[in-house]
Amino acid sequence: MRPARWIDLGVVDPIAFHAAYAGLAEAQGPDADPLVVWGRARAHLCLGQSQGRCELDDAIEVPVVRRPLGGGAVWVDEDQLSYAIVAPLGLAPLRHADWYGWALAPAIATFRAFRLEVERRAEDLWLARRKIAGSGAATIGRCAVVASSFMLRFPRARFAASVATPDPGFRTALQAALGTAMTDWSSHAVPPDEDSLGAAFRVALRDTLGWNAIASSPATGECAAIETWREELAAPIEAGRPRVAGGIKLNAALTLRRDARTGAARLERTTA
């Protein structure tokens, strides 16, 4: 059994959550114990590291953070228990493509402990043929970092209102399509309280990764690294280019696009 640090941030502002896992990863040496950052971030729209503000509606009403991890735009708020797995590269699989199966195994075991038969599809977790969790990963410093969340409730309308769309009709179609492509915990069962969910996740860390999660807090040097990342993540985000031209990817199987001929929104099935 390997010791792992469990760092519970509580409820924090959007930048604080992302700066915490990035700064902690940056500060770790090659022989450090792995750690898990756990907490709730206040409502924000979170862009992937290669995305720009062109993905967002001009009138967006929540803060925007571009995380230092891959993936697309996601909604994050207090109705999600967010977490990041941070481990020295020597503890992670050699192939980046294998990180998701490794790092998401505790989450799958946690869902199943509550009788939700979640399965992994690449970097996402699915339940009842819909996506219930995405994830993002990157190498930061000398660590592998994989972040995801337990989405207890998903506000489809707020997410649809926050992303760029060509017209109101497309936004209406997007909100409906999100119901087809996405799901949340509360759609299948009463969500557990935070303490019960955290306890189950720590058991799953032990059973799947062999990690004994012990409560910890950032050391002085780690706090300095976290503050550096706070400053970096607070920098202005450039416009960039859309990740999906003429549409938005909803999950690994579905993309909503605007038909170039008719202008109508069309749901396309992609690689499952």
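When the test is whether a residue is of a type outside the set (S, T, N, Q) and open to solvent by 10 Å² or more (accessible area, probe 1.4 Å), Ala32 passes it. Filtered by the rule that a residue be in a helix (DSSP H, G or I) and free of Cβ contacts under 8 Å to residues at least 60 places away in the same chain, the stretch 45-90 gives a lone residue, Leu89. When the stretch 58-73 is limited to residues that are within 10 Å of the chain's Cα centre (by Cα) and modelled with pLDDT of 95 or more, the one that is nearest to Pro155 (Cα to Cα) turns out to be Arg67. Filtering Leu152, Leu174 for residues that are at pLDDT below 95 and touching a Ser or Thr at 6+ places or on another chain (Cβ under 7 Å) leaves a single hit, Leu174.
Being open to solvent by 20 Å² or more (accessible area, probe 1.4 Å) and out of contact with any Pro (no Cβ under 8 Å at 6 or more places or on another chain) is the filter; apply it to the stretch 71-88 and report the residue that is farthest from Thr208 (Cα to Cα).
Ala73
Within the stretch 133-179, being without any contact (Cβ under 8 Å) to a residue 60 or more places away in the chain and aromatic (Phe, Trp, Tyr) holds for no residue.
Scanning the stretch 13-44 for residues that are in a helix (DSSP H, G or I) and within 26 Å of Arg153 (Cβ to Cβ) gives Pro14, Ile15, Ala16, Phe17, His18, Ala19, Ala20, Tyr21.
Yes or no, residue by residue, for (1) over 23 Å from Arg120 (Cα atoms); (2) modelled with pLDDT of 85 or more:
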{"position": "Arg202", "(1), (2)": "no, yes"}
{"position": "Arg206", "(1), (2)": "no, yes"}
{"position": "Trp211", "(1), (2)": "no, yes"}
{"position": "Thr220", "(1), (2)": "yes, yes"}
{"position": "Thr228", "(1), (2)": "yes, yes"}
{"position": "Asn251", "(1), (2)": "no, yes"}
{"position": "Leu254", "(1), (2)": "no, yes"}
{"position": "Asp259", "(1), (2)": "yes, no"}
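For (1) assigned to a strand (DSSP E or B); (2) hydrophobic (A, V, I, L, M, F, W, C), each residue gets a yes or a no:
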{"residue": "Ser149", "(1), (2)": "yes, no"}
{"residue": "Phe154", "(1), (2)": "no, yes"}
{"residue": "Arg158", "(1), (2)": "no, no"}
{"residue": "Ala161", "(1), (2)": "no, yes"}
{"residue": "Gly169", "(1), (2)": "no, no"}
{"residue": "Ala173", "(1), (2)": "no, yes"}
{"residue": "Leu178", "(1), (2)": "no, yes"}
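Looking at Ile60, Ile7, Ile15, just one residue is open to solvent by less than 10 Å² (accessible area, probe 1.4 Å) and not acidic (Asp, Glu), and that residue is Ile7. Scanning the stretch 93-115 for residues that are open to solvent by 10 Å² or more (accessible area, probe 1.4 Å), assigned to a loop (DSSP other than H, G, I, E, B) and touching a residue at least 40 places away in the same chain (Cβ under 8 Å) returns Phe114, Arg115.
The values are calculated or read from the model by the stated rules, or taken from the named source; none is laboratory data. In this text the structure is predicted, and so the values were computed from the model without any measurement. Glycine also receives a Cβ, built like all others from the backbone with ideal geometry; neighbour counts cover every protein chain displayed. Ligands, DNA and RNA are excluded from the accessible area calculation, which covers all protein heavy atoms including side chains. Shrake-Rupley method; radii C 1.70, N 1.55, O 1.52, S 1.80 Å.
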